[in-house]
1. Hey, could you check region 42-74 for residues that are within 15 Å of Ser129 (Cβ to Cβ) and open to solvent by 60 Å² or more (accessible area, probe 1.4 Å) and say which is modelled with the lowest pLDDT?
2. Hey, does region 224-235 have a residue that's hydroxyl-bearing (Ser, Thr, Tyr), open to solvent by less than 30 Å² (accessible area, probe 1.4 Å) and farther than 18 Å from Val392 by Cα?
3. Residue check: is Leu411 open to solvent by 10 Å² or more (accessible area, probe 1.4 Å), at pLDDT 90 or above and more than 17 Å from Gly142 (Cβ to Cβ)?
4. Would you pick out the residues in region 262-304 that are part of a loop (DSSP other than H, G, I, E, B), touching a Ser or Thr at 6+ places or on another chain (Cβ under 8 Å) and buried (at least 18 other Cβ atoms within 10 Å of the Cβ)?
5. Scan region 252-266 and tell me whether some residue there is aliphatic (A, V, I, L, M) and without any contact (Cβ under 8 Å) to a residue 40 or more places away in the chain.
6. Looking at Phe292, is it in contact with a strand residue (DSSP E or B) (Cβ under 7 Å, 6 or more places away or on another chain) and modelled with pLDDT of 85 or more?
7. Which residues, taken from region 251-269, are of a type outside the set (Val, Ile, Thr), farther than 18 Å from Gln470 by Cβ and out of contact with any Asp or Glu (no Cβ under 9 Å at 6 or more places or on another chain)?
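The values are calculated or read from the model by the stated rules, or taken from the named source; none is laboratory data. Model, not experiment: these values are computed from the prediction. When we count neighbours, we look across all protein chains shown, and the Cβ atoms used for this are built from the backbone with ideal geometry, even at glycine. Only protein heavy atoms, including side chains, enter the accessible area calculation; ligands, DNA and RNA are left aside. Shrake-Rupley method; radii C 1.70, N 1.55, O 1.52, S 1.80 Å.
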Amino acid sequence: MAPNLYEVESAPLLLDENNNRNDQRVKPTSPLDAALNGSRKFYGSTNGNSWQKIERYDPLQHRKLENPTTNLDTLMHILNGNLGTGILAMPDAFKNSGLYLGLFGTMIMGSICTHCMHILVRCARELCSRYQVPSMSFAEVGQNCLECSGLPRLGRLIGFMINSFLVLMQIGFCSVYFLFVAVNIRDFLEYASIQTDVFTVLAGILIPMIALNMIRSLKLLAPTSMVASVLAISGITISFVFLLQDLPRTTTVSAVQSWNTLPLYFGTAMYAIEGIGVLLPLESNMKTPRDFCRWNGVLNTGMAIVVTLYTAIGFYGYLKYGDAAEGSITLNLPSEVFLGQLVRLLMAVAVFASYALQFYVPMSILSPVVRRHFGSRDAQDCVEYTVRIALVLVTFTLAAIIPNLGAFISLVGAVSTSTLALVFPPLIEIVTFWPGRQYGRWNWIFWKDVAIACFGMSGFLIGTSTSVTQIVTNWE
């Protein structure tokens, strides 16, 4: 006997007896029915009498993109999204962890975060197949995995929480980017004998920042990401010229710091790994998305480069400057030397160009919400541009009142990045494959996900309280 029609998992393609494609589609009773059947091929009936072989819906084959990105474009976006202000704060992170704990801790945390990125993409594709859609956002993945398990109300709550954390995280990133650009341009202008203050520079770059963020397409942002990545790598390379000169012995700095400062290390390190917010938009906009998660694919290649640079900058920056390491390594470079000022200028321009990519995420969340309240296309575009300008002004205001760059970076990392990168992805994987209990031998996937989520939640709670305490102390 052929299986029941409603074991069909998604919007399948029906094949006749000659294996010719038939565009007629079969709709399952619910995604929960689809979740209970993990096989690749199914059987369904279109007229109640005859049964035909049905292929499982492949979301990657149903994406219709106007401006798809190439593998190189996506790799540049990954580097651009991660090689921002976070990597320059790694010496400050190592100052709070100790030289060797920071060395191994950063590599381990980078590997865990990369694994969680793979988890998120895998679950997104699985849920897209069940729901017959080509792509999903981070929040939709969180919401739909719970809906598949019969918890639609909780799913809507989780979806709202994920979107809220994403908006908060990206607004925090953009605020730090704004301040970073202003501080480094101010230092460069002072080197050129032009005296000014940070607020004046913030005001001066406000209009160019608004203009840059009127770009709505990731494809159109690809050249900007390419320029930003080249400038960032150039600035980091020149930084190594200073970091590797006259290095002291490793015994001059602490190998392991006290427990009191480790939460600050965790928050800064998690802030540095800031690509989780743009992960699904990048993957869903690729021309060849199957290359994204291969062992030698775009994601692993990009994150291997990123984690290596994080570790090297943190290790040598802390070894070189010790407890004098600032919230950005550019602030430690000699101000009287032209190369030191060149690094500040290169990184300021690179971070300025990276702002638009970080800004893309909150706008992709907020834009549909505001556009649906207006009927005409012109009105929708007008209100979206208004929201873009308003959000840039919000980040400008936050940048103007941030009291301490290092403490604020740690707070953003502990509050948003740890939850989005370490808590939600493993929990989503547990719930996504809960109906069929697809957890491997001895349920190792389940226990692995529980351990990662507990680690992320501990970092969130402890890191947030420590960062807030430090900010309040600095403000006083």
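1. The residue in question is Glu55.
2. yes
3. Taking the combined requirement at face value, the residue does not satisfy it.
4. Hits for region 262-304 are Ile273, Glu274, Asn285, Phe292.
5. Looking for residues that are aliphatic (A, V, I, L, M) and without any contact (Cβ under 8 Å) to a residue 40 or more places away in the chain, one finds none in region 252-266, hence no.
6. So Phe292 passes the test.
7. Answer for region 251-269, where residues must be of a type outside the set (Val, Ile, Thr), farther than 18 Å from Gln470 by Cβ and out of contact with any Asp or Glu (no Cβ under 9 Å at 6 or more places or on another chain): just Ala255.
Results for (1) hydroxyl-bearing (Ser, Thr, Tyr); (2) in contact with a Ser or Thr (Cβ under 9 Å, 6 or more places away or on another chain); (3) buried (at least 16 other Cβ atoms within 10 Å of the Cβ); (4) under 18 Å from Leu279 (Cα atoms), shown as yes or no for each residue.
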residue: Phe138; (1), (2), (3), (4): no, no, yes, yes
residue: Ser149; (1), (2), (3), (4): yes, yes, yes, no
residue: Gly155; (1), (2), (3), (4): no, yes, yes, no
residue: Ile205; (1), (2), (3), (4): no, no, yes, no
residue: Met209; (1), (2), (3), (4): no, yes, yes, no
